[in-house]
């Protein structure tokens with residue numbers, strides 16, 4: 001998923017992966033949590049969900065004057 005986000009947004013949305021206990025995966029944009037893998041059932045998101053996340057990130061970047 002990090003590769004998908006980086007591919008679309010490169011320098012506008014740098015991605016940092018930090019290993020955390022319990023296999024947590026959270027995605028934040030502008031301080032807002034967009035994804036919490038544990039809260040959504042623990043599975044990695046399907047491509048449909050990744051596409052939704054990318055749309056949300058793009059919308060936030062546009063609102064901030066990027067892209």
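Taking each DSSP H run with n ≥ 4 as -39500 (n - 2.57) and averaging over every residue of the chain yields -11500 deg cm²/dmol at 222 nm. Between residue 56 and residue 12, the contour length at 0.36 nm per residue exceeds the alpha carbon distance by 14.5 nm.
When Rg and Dmax of the Cα atoms in Å is computed from the coordinates, the matching label among (1) 11.9, 34; (2) 11.9, 36; (3) 25.9, 75 is (2). For the chain, averaging the sequence separation of C-alpha pairs within contact (under 8 Å, six or more residues apart) and dividing by the residue count gives a relative contact order of 27 percent.
Output the 0 to 90 degree angle, nearest 10, between the alpha-carbon long axis of helix 47-63 and the longest principal axis computed from the alpha carbons of the chain. With rounding to tens, the tilt is 40 degrees.
Every number in this text was worked out from the coordinates using simple rules, so none of it is lab data. Computed from a prediction, not measured in an experiment: that's the story for all the values here.
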